[in-house]
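> Following this message is one structure expressed as structure tokens.
Quick note: the coordinates plus some simple rules give every number you see, no bench work behind them. Here the structure is a predicted model, which means the values were calculated and not measured. Cβ atoms come from the backbone with ideal geometry, glycine included; neighbour counts cover every protein chain shown.
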Amino acid sequence: MQRKGWKWTYWAFDLHSTVIKPNYEAGNIPTEFYPLALECLRAISKRPEIKMMMFTCSHPHEQEQYLELFKSKGVNFDFVNKNPEVKTEQGGYGYYKDKPYFNVLFEDKAGFNGETDWAEVKELLITLGYMKNTLEEIAIIRDKVEDLYIAESGKFAFLNNTVMSPEYIQWLERKVLKNG
Ligand SMILES: [Mg+2]
């Protein structure tokens, strides 16, 4: 972002099967979030350099309900299904009337797995300095992972400053086993 000289980046979030577990009930919006999704969205929502677009096929009245629901959880979307800040300019390069402009996409239909992938998002957000680990998380992963891999402790020096949720531990174990 700094390299490109951009003031903002625009992050688009699908809801169903990405942030929220679908219930497939018309007229009753689901409100169960995937593990870690809300805390990641909250951290992203606090960044002044990121603008969030809800990118959803929900009906307009449901969009209002979702905006309220997320707001009550500390997540404030800037736009829904559009990005009014990047406009089509006469004679300009891009035409944004039908395809809203965004830089980052979270979308199950584009390969994001709501059940598992927020752990990696959290890790990235921690790397970027957008989120911090709790001491509790650090204690949990130390106990679980160090016991498992104590013999190779040199390889796991990074454990000191990484994320410690149960989902992350599972991911880390998979990663470690894969690399081991
Ligand atoms: Mg979806």
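> Ranked by Cβ crowding within 10 angstrom, fewest neighbours first, how are 21, 4 ordered? Before the final figure, lay out each step's value.
Numbers: 21 15, 4 7.
In order of increasing Cβ crowding within 10 Å: 4, 21.
> State which entries of 7/82; 21/99; 46/87; 51/97; 51/109 exceed 20 angstrom in Cα-Cα distance in the structure shown.
Details: 7/82 18 Å; 21/99 26 Å; 46/87 25 Å; 51/97 18 Å; 51/109 22 Å.
Listed pairs above 20 Å: 21/99; 46/87; 51/109.
> So for 75, 86, fewest C-beta neighbours within 10 Å to most, what's the order?
Details: 75 25, 86 15.
By the 10 Å Cβ count, ascending: 86, 75.
> Hand me the trypsin sites (Lys or Arg not before Pro) from region 94-144 located in a DSSP loop with no more than 10 other Cβ atoms within 10 Å, in residue order please. Walk me through the intermediate numbers first.
Numbers: sites: 97, 109, 122, 132, 142, 144; in loops: 97, 132.
Listed in order of number, the matching sites are 97.
> How much of the DSSP beta bridge set in region 1-112 is antiparallel, as a percent to the nearest 5? Display every interim value, and only then the final one.
Numbers: 1 of 12 bridges.
Roughly 10 percent of the beta bridges in region 1-112 run antiparallel, per DSSP.
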